[in-house]
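First the structure, in the form of structure tokens, and then the observations on it.
The values are calculated or read from the model by the stated rules, or taken from the named source; none is laboratory data. Just so it is clear, the structure is predicted and the values come from calculations on it, not from any experiment. Methodologically, a virtual Cβ is constructed for each residue, glycine included, from the backbone with ideal geometry; neighbour enumeration extends over all protein chains shown.
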Amino acid sequence: MLTRNCSLLLLWFLLDKGLLSPLHPPPRGRVGKEHHRGMMGLRRNGGAGFQRVKRGWVWNQFFVLEEYMGSDPQYVGKLHTDLDKGDSEVKYTLSGEGAGSIFTIDQTTGDIHALRSLDRELKPFYTLRAQALDLRTGRALEPESEFIVKVQDINDNEPRFLEGPYTASVPEMSPVGTYVMQVSATDADDPTYGNSARVVYSILHGQPYFSVDPKTGVIRTALPNMDREVKELYQVLIQAKDMGGQLGGLAGTTTVNITLSDLNDNPPRFSKSIFHLRVPESSPVGSAVGRIKAHDLDAGKNAEVEYSIVPGDGGSMFDVTTNEHTQEGVIVLKKRLDYETKKAYAFKVEASNAHLDPRFLHLGPFKDTATVKVNVLDVDEPPVFSKASYGMEVYEDTPVGTVIGAVTAQDLDAGGSAVRYSIDWRLDRDSYFDIDPVEGTISTSEVLDRESVAQHNISVVATKVNNPMLASRVAVTVRVLDVNEFPPELVTPYDTFVCENSKPGQVIQTITARDSDEPPAGPKFFFRSPPQDVKNFTIRDYGNNTAGIVTRRSGFRRRQQDLYQLPVVIEDIGYPVLSSTGTLMVRVCACDRDGRLLSCNAEAIFLPVGLSKGALIAILVCIVILLVMVVLYVSLRRQKRKDTLMTSKEDIRDNVIHYDDEGGREEDTNAFDIGTLRNPKAMEETGVQRREVKPEATPPRQGMAATRDSSDVRDFIQQRLQERHTDASAPPYDSLVTFAYEGEGSVADSLSSIESRTAEDELDYRRLTEWGPPFQTLAEIFGRQDSQASTAESKEETREPERNSSDSRHT
């Protein structure tokens, strides 16, 4: 069944008229190559109303030549469909890369042209889409199809060396065929099409020294034994040509700079066999006498030369070193020269390479030898001391004039001049010594003290008699020896402690001593206890200038004795032996079981056992807080009681009663009850005494009694004032009682002088004397003002009675 269906499908495909043969455009020069282009057609099959659209495109790539220089647009190809009957009813469209700008299509014929020249190196191909539309309806006759227009390459780019010019190196004396380097040229043309990108390498300049592989570009040596010392740098010109090197191909060149690297194939050579040098005999040791040089044609480390003196008679006086920068041999004086002893020296110097190449050892020894002759020049020299420095010792307190040593210098020149000595006094301490100018003996000029200056450094000068300008100096060190004159003593006044729970044999303190003297073998002290004081403590000498304080018993108690004084005897090893006795203060303290100190104070004995200082402080703080709370409570209670007494409304004598109300007459009962003032009986019934003072006995009231029916308020007030003045049970304290009742039609009239309109001549200030002693001073003041009879005083006299009549005060 499947084979039958496939056969029918193949037969139908062959009989179908939709498949068209390719259309060939007319040839145009190099564009005349034939390209197979498949077409796509549409066919209607009228069988049973079934319609089928068949794709008639058989695609191949379209090609367009790059760098086209013609005047007309370059023909690319033609699009055609089976539905196009040639009646101009089909419209062809083109879209994609470059459509409209680079490529254009004839909408009627389907011919595609390139509008401008293309460069394959910029873009090798373009992707386009084509479609056939019904010209009338604009309906697509076939689905849109995609095709590629490929730019066909031409040889328009020469090979290029992107990394040139090149630099390379190869060792000298290399054999033929030694690899140098590889060069590479790049051609931008299409390597898959023709020979446009096929590159061949060749040497234009640089033969016969080097060769290049035409395919790979590898450069190798072509000549053996090329010597760097003959020629070091070579310039090789390399050419790269495309089209396989054929005629008409494009070419590019580059330069390769090849340097021959050095090998150690040349030994050092002296320019002459004998070198003559001259040196003064006064040259110091280590100074340069002269320079010699062996030349090496190599470079870098291969030209480094090492110089050495061949063992011989003259070689012991000199040494040779190599200058790393100039590769010269520097002859250095190893010992002092003396013209009078020897006037000339001769020795041999050998120069050799430091780095040898075993490949060239067969050429011979890589070293050379030259003779150096040194002539010593005579110089008038200063005197020479027998020693480079002198050391002397002298005991302190030595008598003045004692000789402590001598220096010796002599003139080594042929003339043999006499020498004179002197001390170069630079510091004041140099004046402690004198020197004999002829003999060179040094003696003391002052008494020396080692504790002040332990060592003196002086400079002795020796000069020639026949040439005083020539002088030499030598250092002399005078060490002052100690005389045992100070006894040793404790380093510090030790203050130590012993625990109450200490045990016998326990070390409680380590002590040491010091001595202002300097023992010969270093400080050495001995410690011991006096024979009469060894009951409680003893001293254990450790033999290293230290000692330990050791307990001899237990049971120390602060209540019995809290402080012990321990004498310590210290002796030195000087001559004569000196000693001193120091005293240690040992306190008895309380300690814990591990021996840590708790307290050494005497008051700590009476503290409860087991309480620490922190606990005791906390207890004291609590007690202080409780005391403060009690004091505050008592103060608040007293303040409250005082406030209660002072604010009591029952004691009208101790209060300031202020009535600041303007009311009516006696009928006005809303403002003030005048009945209280008119009821002396009610006042007597209260009988309230002063609470500030408790009287021993209350005497009967003196004065005029007011009747119940009396309406004279003034008389009542006078009565009350008189009682206050005559009350002997009250102390003199200040109390202000204000009666400020005013009203129209009052029987007693107004008590204030504010509303008073009495004339000045009606005022009589003499009545003030009747009010008692509190008003005596006021009465005298107003009495003097009346005698002066001035207007101002009259106004003042008028103001004072008004204030006194409204506010009555008594003290």
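Things worth noting here:
- Residue match in region 164-184 (condition: more than 60 Å from the chain's Cα centre (by Cα) and either buried (at least 18 other Cβ atoms within 10 Å of the Cβ) or aromatic (Phe, Trp, Tyr) (or both)): no
- Selection count, region 313-327, where residues are surrounded by fewer than 18 Cβ atoms within 10 Å (Cβ to Cβ) and either in a strand (DSSP E or B) or among the acidic types (Asp, Glu) (or both): 5
- Residues that are of a type in the set (D, E, K, R) and surrounded by 18 or more Cβ atoms within 10 Å (Cβ to Cβ) were ranked within region 132-159; the one that is modelled with the lowest pLDDT is Asp153.
- Neighbours by Cβ (under 9 Å, 6+ apart or cross-chain): first from region 319-343, under 18 Å from Ala303 (Cβ atoms); second part of a loop (DSSP other than H, G, I, E, B): Thr322/Glu304; Thr322/Ala354; Glu324/Glu304; Gln327/Pro268; Gln327/Asp296; Gln327/Glu304; Gly329/Asn323; Val330/Asn323
- Meets criteria (at pLDDT below 90 and surrounded by 13 or more Cβ atoms within 10 Å (Cβ to Cβ)) for Gly364: no
- Within region 199-256, being among the charged types (D, E, K, R) and either farther than 21 Å from Val170 by Cα or not assigned by TED's automatic domain parsing to the domain that holds Asp187 (or both) holds for Lys215, Lys241, Asp242.
- Looking only at region 247-280, residues that are under 30 Å from Val212 (Cα atoms) and assigned to a strand (DSSP E or B) come to 11 in all.
- Qualifying residue in region 52-68 (condition: touching a Ser or Thr at 6+ places or on another chain (Cβ under 8 Å), among the polar types (S, T, N, Q) and modelled with pLDDT of 50 or more): no
- Here Gly286 meets the list (1) free of Cβ contacts under 8 Å to residues at least 60 places away in the same chain; (2) surrounded by fewer than 18 Cβ atoms within 10 Å (Cβ to Cβ); (3) within 30 Å of Leu223 (Cα to Cα); (4) not aliphatic (A, V, I, L, M) almost entirely, failing just condition (3).
- Test: Tyr339 is in a loop (DSSP other than H, G, I, E, B), in the same structural domain as Pro311 (by TED's automatic domain parsing), of a type in the set (Phe, Trp, Tyr) and surrounded by 13 or more Cβ atoms within 10 Å (Cβ to Cβ): yes
- Ser211 being without any contact (Cβ under 8 Å) to a residue 24 or more places away in the chain and crowded, with 16+ Cβ neighbours inside 10 Å: yes
- For region 445-453, the criterion of a residue being among the aliphatic types (A, V, I, L, M), within 30 Å of Asp411 (Cα to Cα) and assigned by TED's automatic domain parsing to the domain that holds Ser422 is satisfied by no position.
- All positions within region 540-558 that are in contact with a helix residue (DSSP H, G or I) (Cβ under 9 Å, 6 or more places away or on another chain) and at pLDDT 90 or above: none
- Residue selected from region 342-354 under the condition surrounded by 15 or more Cβ atoms within 10 Å (Cβ to Cβ) and not small (Gly, Ala, Ser), by the criterion nearest to Asn266 (Cα to Cα): Asn353
- Looking across region 395-414, just one residue is closer than 12 Å to Ala462 by Cβ and of a type in the set (D, E, K, R), and that is Asp411.
- Candidate set from region 560-579 (those that are in a strand (DSSP E or B) and without any contact (Cβ under 8 Å) to a residue 40 or more places away in the chain); member that is surrounded by the fewest Cβ atoms within 10 Å (Cβ to Cβ): Gln565
- Residues of region 192-222 classified as out of contact with any Gly (no Cβ under 6 Å at 6 or more places or on another chain), under 15 Å from Thr178 (Cα atoms) and not in a loop (DSSP other than H, G, I, E, B), total: 6
- Lone unmet requirement of (1) surrounded by fewer than 19 Cβ atoms within 10 Å (Cβ to Cβ); (2) within 59 Å of the chain's Cα centre (by Cα); (3) not acidic (Asp, Glu) for Leu237: (2)
- Residue pairs whose Cβ atoms lie under 8 Å apart, separated by 6 or more positions or on different chains, with the first residue in region 389-400 and closer than 17 Å to Glu485 by Cα and the second modelled with pLDDT under 90 and assigned to a strand (DSSP E or B), are Val394/Val480; Val394/Leu481; Tyr395/Val480; Tyr395/Leu481; Glu396/Val480; Glu396/Leu481.
- Lys613 vs. criteria modelled with pLDDT under 90, more than 28 Å from Ala513 (Cα to Cα) and surrounded by 10 or more Cβ atoms within 10 Å (Cβ to Cβ): yes
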